[in-house]
Amino acid sequence: MSLLLRLQEIRKSFYGTPALKAVNFELQAGEVHALLGENGAGKTTLIKILAGAYTTDSGSLWFRDALVPGHYGPKVAEDLGIVTIYQHFHLLPHLTVAENLSLKAFISEPGWYVNWRTVQKRARETLARLHFAIDPGARVKDLTIAQQQMLEIAIALSKKAQVMVMDEPTAALSKRETEVLFGLIRQLKQHGLGIIYVSHKLEEVKLIADRLTILRDGNNVATMQAKDADLREIIRLMVGTSPTGDIRSGALVRDKILFSVKGLRNKHFKESLEFVVYEHEILGITGLVGAGKTELSRVIFGADRKYGGEIRLNGHLLSLRRPRDAVQLGLGYVPEDRDSKGLCLNLAVRENIGLASLVKLKGWFFNRSAERRLVRESVNSMRIRTQALDLPVKYLSGGNKQKVVLGKWLAAKCNLLVLDEPTIGIDVGARQDIYRLISEFRQKSDHSVILVSSDIDEVLQVADRVLVLSDYRIVADLDPARTDKGLILEYCTRRAAAVS
Amino acid sequence: METAKADRLTQLRAVLANQAVSMLLILILMWFLLSLLSPYFFTVSNLSEITLQTAVIGIIAAGQTLVILSGGIDLSVGSVFACSGIAGGLVFQTTGNLWFTLAITLITGAALGSLNGVFISWLRVPPFIATLGMLGMARGLALILSRGIPIFGLSKEYLWIGQGKVFDFVPVPTLILLAVFALVFFIARYTRFGRFTYAVGSNTEAAKLSGISLRSVILGTYALSGLFCGVGAVIEAARLATIQPAGGNGYELLAIGAVVIGGTSLFGGEGNVIATLIGALIETTIRNGLNLLGVNAFWQYVVNGAVIIAAVAVDQWRRRL
């Protein structure tokens, strides 16, 4: 193995606040090196420096034993073959797979016209080399998230990548798709690529990484061999304290149905959906990507049109035609994509948290100081790390943003929280806070939680009961104490396999 | 010592980062320069004239601010202005009743604005297209209703709204201008509707999923924009003692210009209404200044357009700092 990349004493501050304090990092050729840390630990800053998006304050970058001289920018990074695969893809959705693959060539190659034969040929060759079964003529917007990610990687490879930085590559992938991705990563390793792998899913990291480096508060606190690493030890190093254990407390008495769905159908759910949620219960709903988890949470919140069926809360029949009805009647919804669906990013923390409470108020006016009090209470109970409530939400980290979305519904005093992937892309510390909040929430009388998550471990750890969705059908109703990951995965895939 | 200096510098930067503040400084600078260039500029009568000239565009721009804050745009303001003025004028010709006339003018404006809201939220026509269509329809209606003939013969009471002065000093339009801005400021800050307007402009999907009724916000902002066009129409009619079916041409440029000069984001969700007032005053000052300096009036359009582009360019540049 040879040293591919070496970062020495990298420092970076934003407006006087240090984000990286003398970080050292090494990457070998043919190595998967995981970068771990809580949100705000400096991972993103480091990635952006590698991509050339940020300049360093001081420190040096060595590539193959040679100091990279002068100004390091996006162009230099590209020339060296350092490519970043971001969580949010940089694909052109209305163009085809083949066109996306040739985009770089369109830009860099001389000439005025497009040789479509070359474009097709290049696409077929690239896809074949990576064993991707994607139609080169398909439009990118019609691909699944996993396929888009594969395409993104294919594009990176066509740029002659030597170092590939992957930022939460499995965040939107199902178990099976993750395995396909891991297969690909192992293939890339064989070709001598170095891969920097950023993820919050520690078990996954142990599976795929050779080494891991942990960042905390802008310092690299440890680098170790992945196979020797102990999960609790990693978490301790990331957080700086020991993690808390199970949040379930005591046995749940299921004597009162708080929420029930009967005969619900819409354009996704051709067969009618039926399930109940008991008072104080955390109902976990899991399934693979494309099983209908998000669609389920949207339809019970009134965000998607229903064809029929009834939804009851506390025995009362709800007519949920719009999210507004759901909010008025005591539902709260934390959507999967907090930035695009959960938050008004340029409004202040205060305004975001107050929003759903304001919807529930009557009359034209509202009392600003009452709002401020309500928000302050909500913020204190949630340990949101924000000095100023008047700061726009866009400046918060992922974990704090998610707490703001959650805080909005806690402040609105809703009874049933529907959470769609509430901990996606969130660090361990914030994740524990969110579990604690959910657990406190459901202990109040007439309160329950529906937790939709593709993270089976999370569902097993947090939920009192687990429904498994597959192909828009509920295929299993399980007790997490008497089931395991393997069984749930089997339920997830069984129906899907039967269909295909 | 060094840090204290740096702190003060960041504070200064934070204050300047507020477009309203920097625009106010530019306005003051403009007044200062113009008073050096022309002895007539810094006189009570000229400054009072500037507020008077600002009134119509300022009031329309106040409504436009709400629309833009909600993430929309209203291109129809000039035509709605003309159409509501004509509708009121016709009522005046037949009945001669001042209160009835005023009511019809305002109601016509609000109704046409609401129609914009219906096109946008019920028929899902993008705001740009919906209000562009209304720009044509309302102008046509104004010409049809009036048969293309201007309306004259407004009563003395009507003219007082545009030409009168309170305590022989403050022009009535100036007072109306201030009242409208106070009202819109209050709406934006202290009402649920105002907060929802910001939320919808900031992220429509998140606003909807928080339970906000998009329809009522959109309908409300466009209805208010139309209503304020009606208010503007009354003032202009009273100032000029005539109602022109072709009036208000190009007012959308001035109104949208005042909003963006004030730094309100065309993407919605960011900005404030007081900044719009400053933006409108800057536009009027430029016109007034060019007049006093004897520049050909046609240049005013060129300068005004350039100022709008410059203001947004500066705003974009400042956001990247």
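The values are calculated or read from the model by the stated rules, or taken from the named source; none is laboratory data. Predicted model, so just to flag it, every value in this text is computed and none were measured. Glycine also receives a Cβ, built like all others from the backbone with ideal geometry; neighbour counts cover every protein chain displayed.
Counting the residues of segment A:98-143 that are part of a helix (DSSP H, G or I), in contact with a Lys or Arg (Cβ under 9 Å, 6 or more places away or on another chain) and under 15 Å from A:Ala156 (Cβ atoms) gives 3. Of all the numbered requirements in (1) modelled with pLDDT of 85 or more; (2) of a type in the set (D, E, K, R); (3) within 30 Å of A:Gly398 (Cα to Cα), A:Glu38 misses one, and that requirement is (1). Would you confirm, using the coordinates I've provided, whether B:Ala233 is hydrophobic (A, V, I, L, M, F, W, C), in a helix (DSSP H, G or I) and within 13 Å of another protein chain (Cβ to nearest Cβ)? It is false that B:Ala233 is hydrophobic (A, V, I, L, M, F, W, C), in a helix (DSSP H, G or I) and within 13 Å of another protein chain (Cβ to nearest Cβ). Just to be sure, is B:Val217 closer than 29 Å to B:Gly262 by Cα, out of contact with any Leu (no Cβ under 7 Å at 6 or more places or on another chain), within 14 Å of chain A (Cβ to nearest Cβ) and crowded, with 21+ Cβ neighbours inside 10 Å? So B:Val217 passes the test.
The numbered conditions (1) touching a Pro at 6+ places or on another chain (Cβ under 7 Å); (2) more than 14 Å from every other protein chain (Cβ to nearest Cβ) are all true for A:Leu347 except (2). For segment A:17-27, the criterion of a residue being assigned by TED's automatic domain parsing to the domain that holds A:Leu188, at pLDDT below 85, of a type in the set (S, T, N, Q) and in a strand (DSSP E or B) is satisfied by at least one position.
Suppose we filter A:Ala412, A:Ala388 for residues that are within 14 Å of another protein chain (Cβ to nearest Cβ), more than 21 Å from the chain's Cα centre (by Cα) and more than 26 Å from B:Val217 (Cβ to Cβ); which single one remains?
After ruling out the rest, the residue left standing is A:Ala388.
Taking (1) more than 22 Å from B:Ser216 (Cα to Cα); (2) hydrophobic (A, V, I, L, M, F, W, C); (3) in contact with a Cys (Cβ under 8 Å, 6 or more places away or on another chain) in turn, A:Leu355 satisfies each apart from (1).
In the set (1) at pLDDT below 95; (2) within 14 Å of another protein chain (Cβ to nearest Cβ); (3) crowded, with 22+ Cβ neighbours inside 10 Å, the condition left unmet by B:Lys208 is number (3).
If I filter segment A:259-268 for residues that are crowded, with 23+ Cβ neighbours inside 10 Å and at pLDDT 90 or above, do I get at least one hit?
Step one: list which residues in segment A:259-268 are crowded, with 23+ Cβ neighbours inside 10 Å, which gives A:259.
Of the ones still in play, those that are also at pLDDT 90 or above are A:259.
Yes: one or more hits.
Scanning segment B:261-271 for residues that are away from chain A (no Cβ under 14 Å) and surrounded by fewer than 24 Cβ atoms within 10 Å (Cβ to Cβ) yields no hits at all. Residues that are within 17 Å of the chain's Cα centre (by Cα) and outside any helix (DSSP H, G or I) within segment A:144-164 comprise just one, A:Thr144.
Can you confirm whether segment B:242-250 contains a residue that is in a helix (DSSP H, G or I) and more than 14 Å from chain A (Cβ to nearest Cβ)?
First, pick out the residues of segment B:242-250 that are in a helix (DSSP H, G or I): none.
No, segment B:242-250 contains no residue that is in a helix (DSSP H, G or I) and more than 14 Å from chain A (Cβ to nearest Cβ).
Meeting the requirement of 3 or more residues that are in contact with a Ser or Thr (Cβ under 9 Å, 6 or more places away or on another chain), the strands (runs of 3 or more DSSP E) wholly within segment A:283-398 are A:308-313.
In this structure, does B:Phe196 turn out to be away from chain A (no Cβ under 14 Å) and either free of Cβ contacts under 8 Å to residues at least 12 places away in the same chain or farther than 24 Å from B:Leu135 by Cα (or both)? Write out each step before concluding.
Values: away from chain A (no Cβ under 14 Å): no; either free of Cβ contacts under 8 Å to residues at least 12 places away in the same chain or farther than 24 Å from B:Leu135 by Cα (or both): yes.
In short, no.
When restricted to residues that are surrounded by 19 or more Cβ atoms within 10 Å (Cβ to Cβ) and more than 30 Å from A:Pro335 (Cβ to Cβ), segment A:165-191 contains 1.
Would you tally the residues in segment A:355-378 being more than 8 Å from chain B (Cβ to nearest Cβ) and either hydroxyl-bearing (Ser, Thr, Tyr) or closer than 17 Å to B:Asn203 by Cα (or both)?
Taking segment A:355-378 first, the residues more than 8 Å from chain B (Cβ to nearest Cβ) are A:357, A:362, A:367, A:369-378.
Restricting the remaining residues to those that are either hydroxyl-bearing (Ser, Thr, Tyr) or closer than 17 Å to B:Asn203 by Cα (or both) gives A:357, A:369, A:378.
Looking only at that region, the number is 3.
Residues are listed down the side, and each one gets a yes or a no for (1) in a helix (DSSP H, G or I); (2) free of Cβ contacts under 8 Å to residues at least 12 places away in the same chain; (3) not basic (Lys, Arg):
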position: B:Gly148; (1), (2), (3): no, no, yes
position: B:Tyr158; (1), (2), (3): yes, no, yes
position: B:Glu205; (1), (2), (3): yes, yes, yes
position: B:Thr221; (1), (2), (3): yes, no, yes
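Cβ separations smaller than 9 Å between residues 6+ apart or across chains give the following pairs from segment A:455-469 residues that are more than 17 Å from A:Asp433 (Cα to Cα) to residues that are in a helix (DSSP H, G or I) and hydroxyl-bearing (Ser, Thr, Tyr): A:Val468/A:Tyr491. State the number of residues belonging to segment A:299-323 that are within 12 Å of another protein chain (Cβ to nearest Cβ) and at negative phi. Counting residues in segment A:299-323 that are within 12 Å of another protein chain (Cβ to nearest Cβ) and at negative phi gives 7. When A:Leu92 is tested against (1) under 27 Å from the mean Cα position of the chain (by Cα); (2) in a helix (DSSP H, G or I), exactly one condition is not met: (2). Scanning segment B:139-159 for residues that are under 18 Å from the mean Cα position of the chain (by Cα) and surrounded by 15 or more Cβ atoms within 10 Å (Cβ to Cβ) turns up nothing. Note on segment A:261-282: residues that are part of a strand (DSSP E or B) and among the polar types (S, T, N, Q) amount to 0. Filtering segment A:172-224 to residues that are more than 21 Å from the chain's Cα centre (by Cα) and assigned to a loop (DSSP other than H, G, I, E, B) leaves A:His191, A:Gly192, A:Leu193, A:Asp210, A:Asp217, A:Gly218.
Going by the structure shown, is A:Val68 β-branched (Val, Ile, Thr), at pLDDT 85 or above and surrounded by fewer than 19 Cβ atoms within 10 Å (Cβ to Cβ)? Judged against the criteria, A:Val68 is not a match.
With respect to (1) in a helix (DSSP H, G or I); (2) at the interface with chain A (Cβ under 10 Å from one of its Cβ atoms); (3) in contact (Cβ under 8 Å) with a residue 40 or more places away in the chain, the lone exception for B:Phe181 is condition (2).
Filtering segment B:184-193 down to residues that are among the β-branched types (Val, Ile, Thr) and in a helix (DSSP H, G or I), which residue is nearest to the other protein chains (Cβ to nearest Cβ)?
Ranking the qualifying residues of segment B:184-193, first place goes to B:Ile187.
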